[in-house]
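The values are calculated or read from the model by the stated rules, or taken from the named source; none is laboratory data. Predicted model only: the values in this text are computed from it and were never measured. Virtual Cβ from ideal backbone geometry, glycine too; neighbours counted across all protein chains shown.
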Amino acid sequence: KTFDCATKSAQKHWHRVGTFGVARCVFLSSFKMSSSKLVLGSEELNAISTVYSVCCNNAVNRFTEGKRKKTHPLAMTGDRNRLEDCTVETYHGVRANCAETMDSLQACMVNNKYEWVKCVGLRRDLEECAVRNKLGELKDM
């Protein structure tokens, strides 16, 4: 049976998503997403990824170490929440303080899909902007 995600009755809870060229319907409420969480597209995530490494370094390392040790997911709730909070805060800080650089980096990466090396200067500028504005964990330094 085919389900149409776009019907009026389904729009509240179902959303059509594509992964590797395969479209499917996802029941959004099963994810229990709050408004404080982000859902980034691959272009945004690729552009901001190194900023997360710089601005959320401790949270990333703690979460990664828990995964490496195969810690039970329930025991990692605190680390996961710290990482999510840091990435959300950092993203909003980038959009507020470095939007032009972020947008330029995204465009460069889209236009140079197989030659991201051409975007190194823009990536460096975005990282410097994030550090200059003390985003994420850097605010405590």
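Remarks
- Selection count where residues are surrounded by 11 or more Cβ atoms within 10 Å (Cβ to Cβ) and part of a loop (DSSP other than H, G, I, E, B), scope the range 68-125: 3
- Meets criteria (modelled with pLDDT under 95 and closer than 12 Å to residue 38 by Cβ) for residue 88: yes
- Among residues of the range 126-136, those that are crowded, with 19+ Cβ neighbours inside 10 Å, of a type in the set (A, V, I, L, M, F, W, C) and assigned to a helix (DSSP H, G or I), counted: 3
- Extreme residue, farthest from residue 116 (Cα to Cα), among residues of the range 47-67 that are touching a residue at least 40 places away in the same chain (Cβ under 8 Å) and surrounded by fewer than 17 Cβ atoms within 10 Å (Cβ to Cβ): 58
- Filtered by the rule that a residue be among the hydrophobic types (A, V, I, L, M, F, W, C) and either over 14 Å from the mean Cα position of the chain (by Cα) or over 19 Å from residue 38 (Cβ atoms) (or both), the range 69-85 gives 74, 75, 76.
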